[in-house]
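Undergrad: Sharing a structure with you now.
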Amino acid sequence: EEHGIRYASFVYDLIPLLVPEHCEPKLVRNFTQHFAALCLLADHAICISEAVRRDFLAWLPKFLPGTAIPASVLPLDARFDPPAEPGIAPAEPFVLAVGTVESRKNQLGLLRAWLKLIRDHGEENAPLLVVVGVHGYLADQVVGLREAAPELARRVEFRPGVTDQELAALYAGCLFT
């Protein structure tokens, strides 16, 4: 205060508070402590979306009743187009799903839908599903379903680590995402 310094904190999401069942218990504890400290220290919150801003403003009074911290939105939607790396995309038609493989992203629902698509229309009529993302919390259910259903093992491909160039090639080559 003596030097007029103000502290603003970026707020990316409040997922461990909103849906703790989809996060490791240690993450929930650590995030709760982090959020409480942020509420005590921050003069301003910079949120990455209007939805995060609403979440922040809804949770703030639960931690510090009667406290107001201004919150603004600075979207992280900058585009960068790395050159696509050739030969990365499958040669056959494919659908792309991108995101950490974890329970809150519901790839389990996606794989169940893919299995129904395959069983209703035949493997030859179902495009390959390429799932890009590292395996996170509760990913074992998704991986287990793929391993348990031979059709999925043949028509679903996991790619846990791709470069920006590889991802650009996958986006460029997919039927849809």
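Undergrad: Given (1) small (Gly, Ala, Ser); (2) within 22 Å of ILE88 (Cβ to Cβ); (3) surrounded by 15 or more Cβ atoms within 10 Å (Cβ to Cβ), identify the lone condition not met by ALA139.
TA: In the conditions (1) small (Gly, Ala, Ser); (2) within 22 Å of ILE88 (Cβ to Cβ); (3) surrounded by 15 or more Cβ atoms within 10 Å (Cβ to Cβ), ALA139 misses (2) alone.
Conditions tested, residue by residue: (1) without any contact (Cβ under 8 Å) to a residue 60 or more places away in the chain; (2) within 23 Å of GLY144 (Cβ to Cβ); (3) under 23 Å from the mean Cα position of the chain (by Cα).
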| site | (1), (2), (3) |
| --- | --- |
| GLU24 | no, yes, yes |
| PHE31 | yes, no, yes |
| CYS47 | yes, no, yes |
| VAL52 | yes, no, yes |
| GLY66 | yes, no, no |
| VAL101 | yes, yes, yes |
| LEU115 | yes, yes, yes |
| GLU124 | yes, no, no |
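Undergrad: Still on this structure, please answer the following. For the range 1-47: of the residues being β-branched (Val, Ile, Thr) and over 30 Å from GLN141 (Cα atoms), which is least open to solvent (accessible area, probe 1.4 Å)? Outline the logic, then answer.
TA: So in the range 1-47, the residues β-branched (Val, Ile, Thr) come out as 5, 11, 15, 19, 28, 32, 46.
The next check asks that each one be over 30 Å from GLN141 (Cα atoms); those that pass are 5, 46.
Details: ILE5: 123, ILE46: 37 Å².
For the range 1-47, the residue satisfying everything is ILE46.
Undergrad: Does any residue of the range 153-171 turn out to be surrounded by fewer than 19 Cβ atoms within 10 Å (Cβ to Cβ), free of Cβ contacts under 8 Å to residues at least 60 places away in the same chain, more than 19 Å from LYS105 (Cβ to Cβ) and in contact with a helix residue (DSSP H, G or I) (Cβ under 8 Å, 6 or more places away or on another chain)?
TA: Yes, the range 153-171 contains at least one residue that is surrounded by fewer than 19 Cβ atoms within 10 Å (Cβ to Cβ), free of Cβ contacts under 8 Å to residues at least 60 places away in the same chain, more than 19 Å from LYS105 (Cβ to Cβ) and in contact with a helix residue (DSSP H, G or I) (Cβ under 8 Å, 6 or more places away or on another chain).
Undergrad: THR177: in contact (Cβ under 8 Å) with a residue 60 or more places away in the chain and over 30 Å from LEU18 (Cα atoms), yes or no? Write out each step before concluding.
TA: On the way: in contact (Cβ under 8 Å) with a residue 60 or more places away in the chain: yes; over 30 Å from LEU18 (Cα atoms): no.
So THR177 does not fit the description; no.
The values are calculated or read from the model by the stated rules, or taken from the named source; none is laboratory data. Keep in mind the model is a prediction, meaning the values are calculated, not measured. Every residue, glycine as well, gets a Cβ built from its backbone with ideal geometry; the counts of neighbours run over all protein chains shown. For accessibility, only protein heavy atoms count, side chains too; no ligands or nucleic acids. Shrake-Rupley method; radii C 1.70, N 1.55, O 1.52, S 1.80 Å.
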